[in-house]
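Here's the structure we're looking at; comments come further down.
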Amino acid sequence: MRKGLLHKPIVVFGSVLDKVIFTHVVVIGLPTILYYCILKSGWNLLPLHLLIPILYFVTSVVVIGEAMTTAIAYSSPRKQKPRLGALQRFLRMPRPYAMQREDLPEPKRPLPRCSLIVVAYLPNEQHIILSTLSYILNHVDRPEAGLEVVLAYNSPMRLPIEDELERLAEQHPELRLLPVEGSRSKAENLNAALKIVTGEVTGILDADHRPNSDCFRRAWSWLASNRYAVVQGRNVIRNSRTSFLTRMIAVEFECMYGVSHPAKSLLADTGMFCGSNGYWRTAVLRRIRFSPTMMTEDIDATLRTLLRGHNIVHDPGIITTELAPIDLRSFWFQRKRWAQGWLEVTLKHQLPLLRSHKLDGWQKTYWSMLLIYSAGFHFVALQIFPMLFSLALTHTEPPAIPQGYVWATTVLTLLSGPCQTLVAWRVRNKVVKNPFRDFVLYCLFIPFYCVFKNVIAITAIYDHLLGNTEWVVTRRGFRESMPTPTSSRAVLRKAS
(Lines give C-alpha, C1' and ligand atoms only; values in the text may rest on other atoms or scores of the structure.)
Protein backbone atom coordinates (compact mmCIF):
# COMPACT_ATOMS: atom_id res chain seq x y z
CA MET A 1 0.00 0.00 0.00
CA ARG A 2 1.43 3.37 -0.94
CA LYS A 3 1.57 5.82 1.90
CA GLY A 4 -0.33 9.05 1.55
CA LEU A 5 -1.50 12.12 3.35
CA LEU A 6 -5.06 10.91 3.57
CA HIS A 7 -7.11 10.44 6.70
CA LYS A 8 -7.57 6.77 7.44
CA PRO A 9 -10.43 5.42 9.51
CA ILE A 10 -9.67 5.68 13.19
CA VAL A 11 -7.85 2.53 14.19
CA VAL A 12 -9.66 0.70 16.94
CA PHE A 13 -7.57 0.58 20.08
CA GLY A 14 -8.08 -3.16 20.29
CA SER A 15 -6.29 -3.77 16.97
CA VAL A 16 -3.27 -1.80 18.16
CA LEU A 17 -3.29 -3.71 21.44
CA ASP A 18 -3.46 -6.98 19.49
CA LYS A 19 -0.33 -5.98 17.56
CA VAL A 20 1.51 -5.04 20.75
CA ILE A 21 0.62 -8.33 22.43
CA PHE A 22 1.47 -10.43 19.37
CA THR A 23 4.82 -8.76 18.68
CA HIS A 24 5.92 -9.06 22.28
CA VAL A 25 4.90 -12.71 22.41
CA VAL A 26 7.20 -13.20 19.43
CA VAL A 27 10.03 -11.00 20.71
CA ILE A 28 9.89 -12.12 24.35
CA GLY A 29 7.88 -15.37 24.48
CA LEU A 30 9.66 -17.31 21.73
CA PRO A 31 13.18 -16.31 22.89
CA THR A 32 12.20 -17.40 26.42
CA ILE A 33 11.44 -20.88 25.09
CA LEU A 34 14.69 -20.88 23.08
CA TYR A 35 16.81 -19.79 26.05
CA TYR A 36 15.03 -22.34 28.24
CA CYS A 37 16.03 -25.12 25.84
CA ILE A 38 19.61 -23.83 25.70
CA LEU A 39 19.91 -23.82 29.49
CA LYS A 40 18.32 -27.25 29.78
CA SER A 41 20.91 -28.55 27.31
CA GLY A 42 23.70 -27.54 29.65
CA TRP A 43 24.77 -24.41 27.78
CA ASN A 44 24.77 -20.92 29.27
CA LEU A 45 23.78 -17.47 28.09
CA LEU A 46 27.09 -15.76 28.84
CA PRO A 47 27.43 -14.18 25.34
CA LEU A 48 24.05 -12.47 25.73
CA HIS A 49 24.82 -11.42 29.29
CA LEU A 50 27.92 -9.68 27.94
CA LEU A 51 26.46 -8.35 24.67
CA ILE A 52 23.42 -6.53 26.03
CA PRO A 53 25.34 -4.45 28.62
CA ILE A 54 27.88 -3.61 25.90
CA LEU A 55 25.11 -2.23 23.69
CA TYR A 56 23.76 -0.17 26.56
CA PHE A 57 27.31 0.96 27.35
CA VAL A 58 28.07 2.08 23.78
CA THR A 59 24.75 3.90 23.51
CA SER A 60 25.36 5.65 26.82
CA VAL A 61 28.88 6.68 25.83
CA VAL A 62 27.58 8.21 22.58
CA VAL A 63 24.79 10.11 24.38
CA ILE A 64 27.12 11.41 27.09
CA GLY A 65 29.82 12.22 24.53
CA GLU A 66 27.37 14.28 22.46
CA ALA A 67 26.16 16.07 25.57
CA MET A 68 29.67 16.94 26.75
CA THR A 69 30.68 18.06 23.26
CA THR A 70 27.73 20.43 23.04
CA ALA A 71 28.30 21.71 26.58
CA ILE A 72 31.97 22.47 25.83
CA ALA A 73 31.27 23.94 22.40
CA TYR A 74 28.65 26.39 23.58
CA SER A 75 30.05 27.22 26.99
CA SER A 76 30.95 30.73 25.84
CA PRO A 77 27.75 32.81 26.20
CA ARG A 78 28.75 35.58 23.85
CA LYS A 79 30.64 34.33 20.83
CA GLN A 80 29.72 30.67 21.21
CA LYS A 81 33.14 29.60 19.99
CA PRO A 82 33.54 25.84 20.04
CA ARG A 83 36.48 24.89 22.26
CA LEU A 84 37.02 21.26 21.42
CA GLY A 85 40.65 21.16 20.39
CA ALA A 86 41.79 18.96 23.29
CA LEU A 87 38.86 16.60 22.82
CA GLN A 88 39.58 16.31 19.10
CA ARG A 89 43.25 15.54 19.75
CA PHE A 90 42.32 12.97 22.40
CA LEU A 91 39.96 11.17 20.01
CA ARG A 92 42.38 11.64 17.08
CA MET A 93 39.55 13.11 15.06
CA PRO A 94 40.02 15.69 12.30
CA ARG A 95 38.89 19.19 13.21
CA PRO A 96 35.47 19.49 11.58
CA TYR A 97 34.86 22.53 9.44
CA ALA A 98 31.61 23.01 11.34
CA MET A 99 33.64 23.83 14.44
CA GLN A 100 35.06 26.86 12.69
CA ARG A 101 31.71 28.65 12.56
CA GLU A 102 33.16 31.78 14.14
CA ASP A 103 35.92 31.82 11.50
CA LEU A 104 33.60 31.73 8.50
CA PRO A 105 34.09 34.84 6.37
CA GLU A 106 31.18 36.95 5.29
CA PRO A 107 29.71 35.54 2.07
CA LYS A 108 31.31 37.05 -1.00
CA ARG A 109 27.93 37.29 -2.64
CA PRO A 110 24.84 38.85 -1.07
CA LEU A 111 21.95 36.63 -0.16
CA PRO A 112 20.41 35.51 -3.47
CA ARG A 113 16.78 34.99 -4.29
CA CYS A 114 15.22 32.48 -1.89
CA SER A 115 12.24 30.17 -2.05
CA LEU A 116 10.32 28.80 0.91
CA ILE A 117 8.16 25.73 0.38
CA VAL A 118 5.38 25.20 2.92
CA VAL A 119 3.88 21.71 2.68
CA ALA A 120 0.35 20.94 3.82
CA TYR A 121 -2.32 18.29 3.73
CA LEU A 122 -5.12 20.83 3.75
CA PRO A 123 -7.89 18.99 5.61
CA ASN A 124 -5.52 18.51 8.54
CA GLU A 125 -3.90 21.96 8.47
CA GLN A 126 -6.78 24.18 7.38
CA HIS A 127 -7.11 25.66 10.88
CA ILE A 128 -3.48 26.78 11.09
CA ILE A 129 -2.26 27.36 7.54
CA LEU A 130 -3.44 30.97 7.32
CA SER A 131 -1.70 31.96 10.54
CA THR A 132 1.47 30.19 9.41
CA LEU A 133 1.55 31.92 6.04
CA SER A 134 0.69 35.29 7.56
CA TYR A 135 3.52 34.92 10.04
CA ILE A 136 6.02 33.99 7.31
CA LEU A 137 4.93 36.81 4.99
CA ASN A 138 5.11 39.40 7.75
CA HIS A 139 8.18 38.29 9.70
CA VAL A 140 10.72 36.49 7.50
CA ASP A 141 13.39 38.90 6.18
CA ARG A 142 13.39 39.33 2.44
CA PRO A 143 16.61 39.22 0.41
CA GLU A 144 17.16 42.11 -1.95
CA ALA A 145 16.94 39.57 -4.76
CA GLY A 146 13.48 38.54 -3.61
CA LEU A 147 11.61 35.87 -1.66
CA GLU A 148 8.87 33.58 -2.87
CA VAL A 149 6.66 31.45 -0.65
CA VAL A 150 5.14 28.37 -2.28
CA LEU A 151 2.29 26.59 -0.53
CA ALA A 152 2.33 23.06 -1.96
CA TYR A 153 -0.77 21.28 -0.75
CA ASN A 154 -3.12 18.45 -1.52
CA SER A 155 -6.74 17.89 -0.60
CA PRO A 156 -9.32 15.30 -1.66
CA MET A 157 -11.85 18.10 -2.20
CA ARG A 158 -11.99 21.85 -2.42
CA LEU A 159 -12.31 23.43 1.00
CA PRO A 160 -13.59 26.90 2.00
CA ILE A 161 -10.11 27.75 3.31
CA GLU A 162 -8.85 27.82 -0.28
CA ASP A 163 -10.91 30.94 -0.94
CA GLU A 164 -9.15 32.66 1.94
CA LEU A 165 -5.79 31.45 0.67
CA GLU A 166 -6.49 32.94 -2.74
CA ARG A 167 -7.38 36.28 -1.16
CA LEU A 168 -4.12 36.16 0.82
CA ALA A 169 -2.20 35.46 -2.38
CA GLU A 170 -3.79 38.48 -4.03
CA GLN A 171 -2.54 40.65 -1.16
CA HIS A 172 0.96 39.12 -1.30
CA PRO A 173 2.22 38.50 -4.85
CA GLU A 174 5.22 36.59 -3.44
CA LEU A 175 2.84 33.86 -2.25
CA ARG A 176 2.24 31.13 -4.81
CA LEU A 177 -0.47 28.52 -4.29
CA LEU A 178 0.25 25.09 -5.72
CA PRO A 179 -2.54 22.52 -5.38
CA VAL A 180 -0.92 19.20 -6.33
CA GLU A 181 -3.52 17.11 -8.10
CA GLY A 182 -3.35 13.40 -7.36
CA SER A 183 -0.77 13.81 -4.61
CA ARG A 184 -0.94 11.44 -1.68
CA SER A 185 2.27 12.33 0.11
CA LYS A 186 4.45 15.14 1.36
CA ALA A 187 7.18 13.95 -1.01
CA GLU A 188 4.95 14.42 -4.05
CA ASN A 189 3.98 17.91 -2.90
CA LEU A 190 7.66 18.83 -2.49
CA ASN A 191 8.67 17.39 -5.85
CA ALA A 192 5.90 19.36 -7.55
CA ALA A 193 7.04 22.57 -5.86
CA LEU A 194 10.65 21.99 -6.94
CA LYS A 195 9.54 22.30 -10.55
CA ILE A 196 8.45 25.90 -10.08
CA VAL A 197 10.70 27.43 -7.41
CA THR A 198 13.03 30.14 -8.67
CA GLY A 199 15.31 30.74 -5.67
CA GLU A 200 18.95 29.73 -5.45
CA VAL A 201 18.27 28.69 -1.84
CA THR A 202 15.17 26.70 -0.94
CA GLY A 203 13.81 26.29 2.58
CA ILE A 204 11.27 23.65 3.55
CA LEU A 205 8.68 24.04 6.30
CA ASP A 206 5.75 22.01 7.55
CA ALA A 207 2.43 23.80 7.87
CA ASP A 208 2.75 24.46 11.60
CA HIS A 209 6.30 25.85 11.55
CA ARG A 210 7.27 29.46 12.20
CA PRO A 211 10.95 30.27 11.57
CA ASN A 212 13.04 33.10 12.94
CA SER A 213 13.23 36.18 10.76
CA ASP A 214 16.87 35.82 9.68
CA CYS A 215 16.68 32.12 8.80
CA PHE A 216 17.84 32.57 5.21
CA ARG A 217 20.68 34.95 6.12
CA ARG A 218 22.08 32.46 8.65
CA ALA A 219 21.66 29.56 6.23
CA TRP A 220 23.42 31.48 3.47
CA SER A 221 26.49 31.99 5.66
CA TRP A 222 26.95 28.20 5.45
CA LEU A 223 25.74 27.59 1.90
CA ALA A 224 27.69 30.40 0.22
CA SER A 225 31.00 28.54 0.53
CA ASN A 226 29.57 25.51 -1.32
CA ARG A 227 31.05 23.22 1.34
CA TYR A 228 27.56 22.48 2.65
CA ALA A 229 24.51 21.67 0.57
CA VAL A 230 22.01 21.68 3.42
CA VAL A 231 21.66 23.56 6.71
CA GLN A 232 19.31 22.07 9.28
CA GLY A 233 17.94 24.37 11.95
CA ARG A 234 16.60 23.81 15.43
CA ASN A 235 12.96 22.83 16.02
CA VAL A 236 11.26 23.97 19.22
CA ILE A 237 7.84 22.98 20.56
CA ARG A 238 5.64 26.02 21.16
CA ASN A 239 2.52 24.32 22.56
CA SER A 240 4.47 22.72 25.40
CA ARG A 241 2.04 23.90 28.07
CA THR A 242 -0.93 22.06 26.57
CA SER A 243 -0.43 18.78 28.45
CA PHE A 244 2.08 16.56 30.18
CA LEU A 245 2.74 14.83 26.85
CA THR A 246 3.59 18.07 25.02
CA ARG A 247 5.82 19.16 27.91
CA MET A 248 7.83 15.94 27.66
CA ILE A 249 8.05 16.20 23.86
CA ALA A 250 9.28 19.79 24.24
CA VAL A 251 12.16 18.64 26.46
CA GLU A 252 12.88 15.72 24.13
CA PHE A 253 13.19 18.17 21.22
CA GLU A 254 15.59 20.32 23.26
CA CYS A 255 17.70 17.18 23.75
CA MET A 256 17.57 16.28 20.06
CA TYR A 257 17.88 19.65 18.33
CA GLY A 258 19.80 21.49 21.01
CA VAL A 259 22.28 18.77 21.99
CA SER A 260 22.41 15.63 19.84
CA HIS A 261 22.09 17.10 16.34
CA PRO A 262 24.64 19.92 16.78
CA ALA A 263 27.07 17.38 18.27
CA LYS A 264 26.97 15.41 15.02
CA SER A 265 28.29 18.44 13.17
CA LEU A 266 30.83 19.28 15.87
CA LEU A 267 32.24 15.77 16.19
CA ALA A 268 31.96 14.26 12.72
CA ASP A 269 31.06 17.22 10.47
CA THR A 270 27.83 15.57 9.41
CA GLY A 271 24.13 16.12 9.91
CA MET A 272 20.67 15.21 8.74
CA PHE A 273 17.71 16.93 7.14
CA CYS A 274 14.83 16.54 9.60
CA GLY A 275 11.91 17.18 7.27
CA SER A 276 11.37 20.86 8.10
CA ASN A 277 13.43 23.96 8.84
CA GLY A 278 16.06 22.77 6.40
CA TYR A 279 17.68 25.07 3.83
CA TRP A 280 19.09 23.62 0.61
CA ARG A 281 21.03 24.79 -2.36
CA THR A 282 18.21 24.43 -4.87
CA ALA A 283 20.38 22.84 -7.56
CA VAL A 284 21.27 20.01 -5.18
CA LEU A 285 17.72 19.57 -3.96
CA ARG A 286 16.42 19.24 -7.52
CA ARG A 287 18.88 16.39 -8.10
CA ILE A 288 18.04 14.65 -4.85
CA ARG A 289 14.24 15.11 -4.79
CA PHE A 290 12.09 13.04 -2.42
CA SER A 291 10.88 9.48 -2.65
CA PRO A 292 7.10 9.02 -2.21
CA THR A 293 7.67 5.34 -1.41
CA MET A 294 9.63 6.00 1.80
CA MET A 295 7.99 6.44 5.20
CA THR A 296 10.61 9.02 6.22
CA GLU A 297 11.45 10.75 2.97
CA ASP A 298 13.62 13.25 4.84
CA ILE A 299 16.08 10.68 6.22
CA ASP A 300 16.16 8.90 2.87
CA ALA A 301 16.99 12.21 1.18
CA THR A 302 19.67 12.80 3.83
CA LEU A 303 21.48 9.54 3.06
CA ARG A 304 21.23 10.03 -0.69
CA THR A 305 22.63 13.54 -0.28
CA LEU A 306 25.58 12.32 1.79
CA LEU A 307 26.27 9.40 -0.55
CA ARG A 308 26.52 11.85 -3.46
CA GLY A 309 29.24 13.75 -1.66
CA HIS A 310 27.23 16.70 -0.36
CA ASN A 311 27.49 17.66 3.28
CA ILE A 312 24.90 18.74 5.85
CA VAL A 313 25.44 20.96 8.88
CA HIS A 314 23.30 21.75 11.93
CA ASP A 315 22.92 25.36 13.02
CA PRO A 316 21.02 25.62 16.34
CA GLY A 317 20.64 29.37 15.72
CA ILE A 318 18.07 28.84 12.96
CA ILE A 319 15.02 28.32 15.12
CA THR A 320 11.51 27.39 14.16
CA THR A 321 8.61 26.63 16.48
CA GLU A 322 6.18 23.81 15.81
CA LEU A 323 3.23 22.01 17.37
CA ALA A 324 3.64 18.70 19.18
CA PRO A 325 1.02 15.92 19.00
CA ILE A 326 -1.63 16.67 21.58
CA ASP A 327 -2.86 13.15 22.28
CA LEU A 328 -1.34 9.71 22.75
CA ARG A 329 -2.88 8.29 19.58
CA SER A 330 -1.27 10.91 17.35
CA PHE A 331 2.03 10.46 19.16
CA TRP A 332 1.89 6.68 18.73
CA PHE A 333 1.35 6.77 14.97
CA GLN A 334 3.89 9.56 14.43
CA ARG A 335 6.64 7.69 16.27
CA LYS A 336 5.72 4.36 14.71
CA ARG A 337 6.10 5.97 11.28
CA TRP A 338 9.47 7.38 12.30
CA ALA A 339 10.65 3.99 13.57
CA GLN A 340 9.44 2.17 10.47
CA GLY A 341 10.95 4.82 8.23
CA TRP A 342 14.35 4.55 9.89
CA LEU A 343 14.21 0.77 9.41
CA GLU A 344 13.49 1.24 5.70
CA VAL A 345 16.41 3.66 5.36
CA THR A 346 18.73 1.26 7.20
CA LEU A 347 17.88 -1.65 4.93
CA LYS A 348 18.28 0.54 1.84
CA HIS A 349 21.41 2.54 2.65
CA GLN A 350 23.56 0.72 5.23
CA LEU A 351 25.65 -1.27 2.75
CA PRO A 352 26.06 1.63 0.26
CA LEU A 353 27.12 3.76 3.22
CA LEU A 354 29.92 1.35 4.15
CA ARG A 355 31.11 1.14 0.54
CA SER A 356 30.97 4.89 -0.06
CA HIS A 357 34.12 6.89 -0.82
CA LYS A 358 32.33 10.17 -0.08
CA LEU A 359 32.29 9.81 3.72
CA ASP A 360 35.27 9.51 6.03
CA GLY A 361 35.73 6.82 8.68
CA TRP A 362 34.21 8.80 11.52
CA GLN A 363 31.14 9.69 9.46
CA LYS A 364 30.63 6.07 8.42
CA THR A 365 30.97 4.96 12.04
CA TYR A 366 28.56 7.59 13.28
CA TRP A 367 25.92 6.88 10.67
CA SER A 368 26.28 3.11 11.00
CA MET A 369 25.62 3.43 14.70
CA LEU A 370 22.53 5.55 14.01
CA LEU A 371 21.16 3.14 11.43
CA ILE A 372 21.99 -0.14 13.16
CA TYR A 373 20.74 1.24 16.46
CA SER A 374 17.41 2.13 14.91
CA ALA A 375 17.13 -1.27 13.27
CA GLY A 376 18.24 -3.65 16.00
CA PHE A 377 18.72 -2.05 19.39
CA HIS A 378 15.07 -2.17 20.45
CA PHE A 379 14.87 -5.90 19.75
CA VAL A 380 18.13 -6.70 21.53
CA ALA A 381 17.33 -4.45 24.49
CA LEU A 382 14.17 -6.45 25.21
CA GLN A 383 16.11 -9.72 25.38
CA ILE A 384 16.91 -9.03 29.01
CA PHE A 385 13.36 -10.16 29.86
CA PRO A 386 13.41 -13.63 28.20
CA MET A 387 16.88 -14.15 29.68
CA LEU A 388 15.59 -13.50 33.18
CA PHE A 389 12.45 -15.58 32.59
CA SER A 390 14.44 -18.56 31.31
CA LEU A 391 16.84 -18.40 34.26
CA ALA A 392 13.89 -18.37 36.65
CA LEU A 393 12.13 -21.28 34.90
CA THR A 394 15.24 -23.45 34.94
CA HIS A 395 16.34 -22.35 38.43
CA THR A 396 19.73 -21.49 36.95
CA GLU A 397 22.16 -19.00 38.41
CA PRO A 398 23.24 -16.24 36.02
CA PRO A 399 26.80 -16.50 34.65
CA ALA A 400 29.54 -15.01 36.80
CA ILE A 401 30.29 -11.54 35.42
CA PRO A 402 32.73 -9.10 37.05
CA GLN A 403 30.76 -6.74 39.23
CA GLY A 404 32.76 -3.75 38.03
CA TYR A 405 31.57 -4.44 34.49
CA VAL A 406 27.95 -4.69 35.59
CA TRP A 407 28.09 -1.56 37.71
CA ALA A 408 29.88 0.50 35.04
CA THR A 409 27.34 -0.32 32.33
CA THR A 410 24.41 0.15 34.69
CA VAL A 411 25.57 3.51 36.05
CA LEU A 412 26.40 4.89 32.60
CA THR A 413 23.04 3.76 31.25
CA LEU A 414 21.17 5.43 34.10
CA LEU A 415 23.22 8.65 33.85
CA SER A 416 23.18 9.13 30.07
CA GLY A 417 19.61 10.42 29.80
CA PRO A 418 19.81 12.86 32.74
CA CYS A 419 23.22 14.05 31.51
CA GLN A 420 21.82 14.89 28.08
CA THR A 421 18.78 16.54 29.66
CA LEU A 422 20.95 18.66 31.96
CA VAL A 423 22.97 19.92 29.00
CA ALA A 424 19.74 20.59 27.10
CA TRP A 425 18.67 22.76 30.02
CA ARG A 426 22.06 24.48 29.91
CA VAL A 427 21.74 25.38 26.22
CA ARG A 428 17.96 25.80 26.15
CA ASN A 429 16.55 28.38 23.77
CA LYS A 430 15.03 31.73 24.70
CA VAL A 431 12.02 31.47 22.41
CA VAL A 432 9.99 29.01 24.48
CA LYS A 433 10.94 29.09 28.14
CA ASN A 434 10.34 25.54 29.31
CA PRO A 435 10.53 25.54 33.13
CA PHE A 436 13.28 23.63 34.89
CA ARG A 437 10.73 21.29 36.49
CA ASP A 438 9.88 19.94 33.02
CA PHE A 439 13.49 18.88 32.57
CA VAL A 440 13.47 17.23 35.99
CA LEU A 441 10.23 15.42 35.19
CA TYR A 442 11.71 14.28 31.89
CA CYS A 443 14.71 12.76 33.72
CA LEU A 444 12.29 10.73 35.85
CA PHE A 445 10.18 9.90 32.81
CA ILE A 446 13.07 8.58 30.67
CA PRO A 447 12.97 4.88 31.77
CA PHE A 448 9.24 4.59 31.06
CA TYR A 449 9.59 6.57 27.85
CA CYS A 450 12.35 4.26 26.58
CA VAL A 451 10.22 1.19 27.27
CA PHE A 452 7.29 2.81 25.45
CA LYS A 453 9.48 3.63 22.44
CA ASN A 454 10.70 0.03 22.40
CA VAL A 455 7.09 -1.11 22.18
CA ILE A 456 6.47 1.29 19.29
CA ALA A 457 9.64 0.20 17.47
CA ILE A 458 8.82 -3.50 17.73
CA THR A 459 5.31 -2.82 16.42
CA ALA A 460 6.85 -0.84 13.54
CA ILE A 461 9.07 -3.81 12.63
CA TYR A 462 5.97 -6.03 12.60
CA ASP A 463 4.12 -3.61 10.30
CA HIS A 464 7.13 -3.39 8.01
CA LEU A 465 7.36 -7.18 7.67
CA LEU A 466 3.66 -7.26 6.76
CA GLY A 467 4.14 -4.47 4.21
CA ASN A 468 1.84 -2.12 6.09
CA THR A 469 2.92 1.42 5.16
CA GLU A 470 -0.30 3.13 6.15
CA TRP A 471 0.17 6.83 6.91
CA VAL A 472 -1.96 8.13 9.74
CA VAL A 473 -2.01 11.93 9.78
CA THR A 474 -0.68 13.58 12.93
CA ARG A 475 -3.42 15.81 14.24
CA ARG A 476 -2.25 19.35 14.93
CA GLY A 477 -2.65 21.07 18.28
CA PHE A 478 -4.39 24.43 17.93
CA ARG A 479 -4.05 25.79 21.45
CA GLU A 480 -0.94 27.91 21.48
CA SER A 481 0.45 29.84 24.40
CA MET A 482 4.01 30.53 23.30
CA PRO A 483 5.71 33.23 21.25
CA THR A 484 7.41 32.66 17.93
CA PRO A 485 11.05 33.38 17.12
CA THR A 486 12.12 36.69 15.66
CA SER A 487 15.90 36.53 15.31
CA SER A 488 18.92 34.34 15.87
CA ARG A 489 19.93 36.31 18.94
CA ALA A 490 17.74 33.85 20.82
CA VAL A 491 19.94 30.89 19.94
CA LEU A 492 20.94 29.39 23.25
CA ARG A 493 19.70 30.22 26.71
CA LYS A 494 22.49 30.06 29.23
CA ALA A 495 21.99 29.02 32.81
CA SER A 496 21.98 32.02 35.07
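The values are calculated or read from the model by the stated rules, or taken from the named source; none is laboratory data. Everything numeric here is computed off the predicted structure, so don't read it as measured data. Cβ sites come from the backbone with ideal geometry, for glycine too, and all protein chains shown count toward neighbours.
Quick test for you: out of SER260, SER265, SER243, SER291, pick the one residue that is under 25 Å from SER416 (Cβ atoms), surrounded by fewer than 22 Cβ atoms within 10 Å (Cβ to Cβ) and among the hydroxyl-bearing types (Ser, Thr, Tyr). Sole residue among the options that is under 25 Å from SER416 (Cβ atoms), surrounded by fewer than 22 Cβ atoms within 10 Å (Cβ to Cβ) and among the hydroxyl-bearing types (Ser, Thr, Tyr): SER260. Residues of the stretch 113-139 that are among the hydroxyl-bearing types (Ser, Thr, Tyr), part of a helix (DSSP H, G or I) and out of contact with any His (no Cβ under 8 Å at 6 or more places or on another chain): SER131, SER134, TYR135.
For the stretch 236-252, the criterion of a residue being part of a strand (DSSP E or B), within 18 Å of the chain's Cα centre (by Cα) and at pLDDT 95 or above is satisfied by at least one position. Per the conditions (1) under 22 Å from the mean Cα position of the chain (by Cα); (2) farther than 13 Å from ARG286 by Cα; (3) buried (at least 19 other Cβ atoms within 10 Å of the Cβ); (4) among the hydrophobic types (A, V, I, L, M, F, W, C), the sole criterion not satisfied by ALA224 is (1).
Counting only residues that are surrounded by 24 or more Cβ atoms within 10 Å (Cβ to Cβ) and not in a helix (DSSP H, G or I), the stretch 298-311 holds 0 of them.
Between LEU412, LEU422, LEU354, the distinction of being part of a helix (DSSP H, G or I) and under 21 Å from the mean Cα position of the chain (by Cα) belongs to LEU422 only. Taken over the stretch 40-49, residues that are within 14 Å of GLN383 (Cβ to Cβ) and assigned to a helix (DSSP H, G or I) amount to 4.
Hey, among the residues in the stretch 155-207 that are in contact with a Gly (Cβ under 6 Å, 6 or more places away or on another chain) and part of a loop (DSSP other than H, G, I, E, B), which one's farthest from PRO292 (Cα to Cα)?
Checked the stretch 155-207; the qualifying residue farthest from PRO292 (Cα to Cα) is ARG184.
Just to be sure, is SER390 within 25 Å of the chain's Cα centre (by Cα) and assigned to a helix (DSSP H, G or I)? Here the answer is no, as SER390 does not meet what is asked. The numbered conditions (1) part of a helix (DSSP H, G or I); (2) out of contact with any Ser or Thr (no Cβ under 8 Å at 6 or more places or on another chain); (3) under 30 Å from THR242 (Cβ atoms) are all true for LYS336 except (2). Annotation note: of PRO143, PRO123, PRO110, PRO156, the sole residue that is over 16 Å from LEU205 (Cα atoms) and within 28 Å of the chain's Cα centre (by Cα) is PRO123. Among residues of the stretch 302-313 that are within 19 Å of ASN277 (Cβ to Cβ), those with a beta-carbon under 6 Å from a residue that is assigned to a strand (DSSP E or B) at least six positions away or on a different chain give the pairs ILE312/VAL230; VAL313/VAL231.
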